[in-house]
Amino acid sequence: MPRHRIASLSCAALAACTAYEPQPLEPAVELAALASATLDGKAPVAGDFDPSDGLDDRELVAFALASNPGLRAKRLQAGETQALLVTAGLLPNPELGLQLRPGLGTDGGLAAAADLLFPFLRAGERVARRDVARAHIDKTRAELIGDELRVAVAARTASLRIRAQDDLVRHLEQELALRDEAVALVERRRELGESTRIAGALAELERIDVGRELRAARTGLDREQRSLGELLGLTPETIVPLAARGEPLRLDPVADVEDAEIDRRLLAHVPELRALAAEHRIAEAELRLAIRRQYPAFALGPAFERDVDGDRSLGLGIAIELPIFDRAQGEIAQRLAQRERVRADYVARLHALRASAFAARAELRLARDEADLQRREVLPVIERTEALFEQALRAGEVTVTDWLAARTRARTVRRDWLDAVVRHAGAVIRFEAATGFLLGAPVPSTTAPSDVEN
C-alpha cells in the first residue's frame with residue numbers, strides 16, 4: 001500500500017482530518033468577474049432596493065459596504081481571526097513514550113516500557129488563552145469597522161463631489177448660453193452701428209473662457225463618477241445613479257455638538273480607540289498567561305512495563321516540569337512592558353483623536369458661518385445685480401462689455417457660494433468621521449442625539 005494512503009488511514013483512525021481541496025488562483029477568471037460587475041448585478045441592500053430611481057446616502061453607503069472589494073478581503077481576514085478562539089480552546093495532545101532496554105552481562109532478554117501521558121494545563125491558562133483570542137477578535141472587528149467607516153466617508157464624499165460637479169456644469173451651461181446670446185447681440189448692434197469690433201472680440205473671448213471652464217467641469221464630473229464606481233467595485237463605464245442628482249445643493253445646517261457629547265462619541269464610537277482598547281486587553285491576557293507559565297506543568301497517564309524476566313506491571317506515569325532556570329522571567333518582563341506601551345499608545349491616540357474632533361467641529365462652525373453669511377447677504381445682492389444688468393442690457397442702458405464684466409463677477413460669486421456649500425457638507429462628513437458617529441447620513445438639525453443612535 002502506498003505510504004500516503006497509510007498516512008491517510010492512520011490520520012482518519014486517530015481523528016477527523018480535513019481534506020485538502022485546491023483552489024488555484026486564476027487571474028483571467030477574476031478579471032472577467034470584475035469586468036462584468038454592474039450595478040444591476042448586485043443587490044447587497046436588504047429590503048426595497050431599486051437602483052433605477054437613484055441611491056440616497058444610506059443606500060449608497062450600504063451598497064459600498066457590501067460591494068467594496070477591499071472590505072471583502074478585510075472580512076475574510078476577520079474570519080481568520082475567529083480560528084484563534086478554536087485553537088485557544090483545544091487541549092494539548094497526549095504524548096506516547098516507548099522504552100526498549102536489552103539486558104546487560106549474563107542477563108538476557110529485553111525490557112520494554114510504555115506510557116501515555118496527558119499534559120494538564122496550568123490553573124487559569126485555558127481561560128487566559130481564550131481571553132487573548134477574544135481580544136484579538138475584538139481588535140480585528142474594530143479595525144474592520146474602521147475600514148467600513150472610511151469607505152462610508154469616501155462614498156458620501158464622492159456623492160457630494162458628483163453633485164457639486166453637476167451643479168457647476170449646469171451653472172456653466174447657463175452661462176455659456178448667455179454668452180452665446182451676448183455674442184449674437186453684439187453682432188446685431190454692430191450691424192446697426194451701435195457696437196464695435198472690440199466689444200465683439202471681448203464677448204467672443206468671454207464665451208471661449210466659459211466654454212473652457214465647462215469642458216473642465218465635465219471632465220471633473222466624469223472623473224468623480226469613475227472614482228465612485230471604483231469604490232463600489234463596479235466597471236469603469238458604470239454610472240452610479242444618485243437620488244439627489246440633478247437637485248441643487250442646499251445648505252443643511254446641523255445641530256451644534258457640545259464638548260461632553262464629543263467625548264462621549266469618541267469613547268463609544270471611534271473604531272480606532274476600540275481597536276486600541278482591544279489591544280490592551282490582549283496585553284493583559286498575555287501577561288496573565290505568562291504569569292501562569294512560571295508555575296510547573298505536569299502530565300499524567302497510564303504506564304506499562306515488562307522487565308527482562310517477562311514480568312508485567314501496569315501503573316501510573318507522571319512527568320513534572322521543574323522551572324529551575326526558566327520561570328518565564330523574560331516573557332513576563334516583556335508582557336509588562338507591552339502593557340504599559342499599549343496604554344501609552346491609547347492615551348496618545350485618544351489625545352490626537354480628541355484634538356482632531358475639536359478641530360473638525362471648529363472647521364464645521366466656520367464653514368457653516370461662511371455659507372450662511374453668503375446665503376443671507378451676498379446671494380441676494382448678486383441676484384438683484386444680475387436682474388438689473390439684464391434689464392439694462394435689453395434696454396440699451398449699458399454696454400455688452402459692462403454686462404459681461406457684471407456676469408463674470410456674478411459667476412465668481414456663485415462659484416464661491418457653491419464652494420461654501422460643498423465645504424460645509426464636507427465638514428459635516430469629516431466631523432462625523434472624526435467622532436465615528438452615524439455611519440450613514442448627515443445629522444438633521446431637528447434630530448436629537450438619542451434618535452440618531454436609534
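The values are calculated or read from the model by the stated rules, or taken from the named source; none is laboratory data. Only a predicted model underlies this, so the values are computations on that prediction, with no experimental measurement involved. All Cβ positions, even for glycine, are placed from backbone atoms using ideal geometry, and neighbour counts span all protein chains on display.
From the set of residues in the range 421-432 that are of a type outside the set (Val, Ile, Thr) and surrounded by fewer than 22 Cβ atoms within 10 Å (Cβ to Cβ), which is nearest to residue 388 (Cα to Cα)? I'd like the intermediate steps shown before the answer.
Just the residues of the range 421-432 that are of a type outside the set (Val, Ile, Thr), to begin with: 423-427, 430-432.
Okay, now just the ones that are also surrounded by fewer than 22 Cβ atoms within 10 Å (Cβ to Cβ), so 423, 426-427, 430.
Details: 423: 30, 426: 34, 427: 35, 430: 40 Å.
Out of the qualifying residues, it is 423.
Find the residue count for the range 380-405, including only residues that are out of contact with any helix residue (DSSP H, G or I) (no Cβ under 7 Å at 6 or more places or on another chain) and either part of a helix (DSSP H, G or I) or at positive phi (or both). Working first, answer last.
Taking the range 380-405 and keeping what is out of contact with any helix residue (DSSP H, G or I) (no Cβ under 7 Å at 6 or more places or on another chain), we get 380-381, 383-384, 387-388, 390-392, 394-397, 402, 405.
Adding the requirement that they be either part of a helix (DSSP H, G or I) or at positive phi (or both) leaves 380-381, 383-384, 387-388, 390-392, 394-396, 402, 405.
So the answer is 14.
Among the listed residues 224, 247, which satisfies the condition of being farther than 18 Å from residue 402 by Cβ and either surrounded by fewer than 18 Cβ atoms within 10 Å (Cβ to Cβ) or aliphatic (A, V, I, L, M) (or both)?
Values: 224 fails: either surrounded by fewer than 18 Cβ atoms within 10 Å (Cβ to Cβ) or aliphatic (A, V, I, L, M) (or both).
It is 247.
Scan the range 288-314 and report the pairs whose first residue is under 13 Å from residue 112 (Cβ atoms) and assigned to a loop (DSSP other than H, G, I, E, B) and whose second residue is modelled with pLDDT under 85 and among the acidic types (Asp, Glu), with Cβ atoms within less than 7 Å and a gap of 6+ or a chain change.
So the pair list comes out as 308/107.
Just to be sure I understand, how many residues within the range 319-348 are surrounded by fewer than 12 Cβ atoms within 10 Å (Cβ to Cβ) and either within 25 Å of residue 100 (Cβ to Cβ) or touching an Asp or Glu at 6+ places or on another chain (Cβ under 7 Å) (or both)?
Final tally of qualifying residues: 1.
Would you confirm whether any residue within the range 233-243 is of a type in the set (Asp, Glu) and either within 26 Å of residue 426 (Cα to Cα) or exposed (fewer than 13 other Cβ atoms within 10 Å of the Cβ) (or both)?
Initially, the range 233-243 is screened for residues of a type in the set (Asp, Glu), giving 237.
After this cut, where a residue has to be either within 26 Å of residue 426 (Cα to Cα) or exposed (fewer than 13 other Cβ atoms within 10 Å of the Cβ) (or both) as well, the list is 237.
Yes: the range 233-243 contains one or more residues that are of a type in the set (Asp, Glu) and either within 26 Å of residue 426 (Cα to Cα) or exposed (fewer than 13 other Cβ atoms within 10 Å of the Cβ) (or both).
Taking the condition crowded, with 17+ Cβ neighbours inside 10 Å and of a type outside the set (Asp, Glu), does residue 142 pass? Working first, answer last.
Numbers: crowded, with 17+ Cβ neighbours inside 10 Å: yes; of a type outside the set (Asp, Glu): yes.
Taking the combined requirement at face value, the residue satisfies it.
Scan the range 244-255 and report the pairs whose first residue is more than 17 Å from residue 166 (Cβ to Cβ) and whose second residue is of a type in the set (Asp, Glu) and modelled with pLDDT of 80 or more, with Cβ atoms within less than 9 Å and a gap of 6+ or a chain change.
Short answer, once both residue conditions are applied: 253/372.
Is there a residue in the range 208-224 that is without any contact (Cβ under 8 Å) to a residue 24 or more places away in the chain, more than 29 Å from the chain's Cα centre (by Cα) and under 30 Å from residue 64 (Cα atoms)? First the steps, then the outcome.
Filtering the range 208-224 down to residues without any contact (Cβ under 8 Å) to a residue 24 or more places away in the chain leaves 208-209, 212, 215-216, 219, 222-223.
Still in the running and more than 29 Å from the chain's Cα centre (by Cα): 208-209, 212, 215-216.
Still in the list and also under 30 Å from residue 64 (Cα atoms): 215-216.
Scanning the range 208-224, I find at least one residue that is without any contact (Cβ under 8 Å) to a residue 24 or more places away in the chain, more than 29 Å from the chain's Cα centre (by Cα) and under 30 Å from residue 64 (Cα atoms), so the answer is yes.
Residue 313 passes all but one of (1) of a type in the set (Ser, Thr, Tyr); (2) over 23 Å from residue 273 (Cβ atoms); (3) surrounded by 12 or more Cβ atoms within 10 Å (Cβ to Cβ); which number fails?
So the condition that residue 313 fails would be (3).
Take the residues of the range 115-139 that are touching a strand residue (DSSP E or B) at 6+ places or on another chain (Cβ under 7 Å) and under 17 Å from residue 289 (Cβ atoms): which is surrounded by the fewest Cβ atoms within 10 Å (Cβ to Cβ)? Let's see the steps before the verdict.
If we filter the range 115-139 for residues that are touching a strand residue (DSSP E or B) at 6+ places or on another chain (Cβ under 7 Å), which is where we start, we get 115-120.
With the extra rule that they be under 17 Å from residue 289 (Cβ atoms), the set shrinks to 119-120.
Values: 119: 16, 120: 13.
Across the range 115-139, the extreme among qualifying residues is 120.
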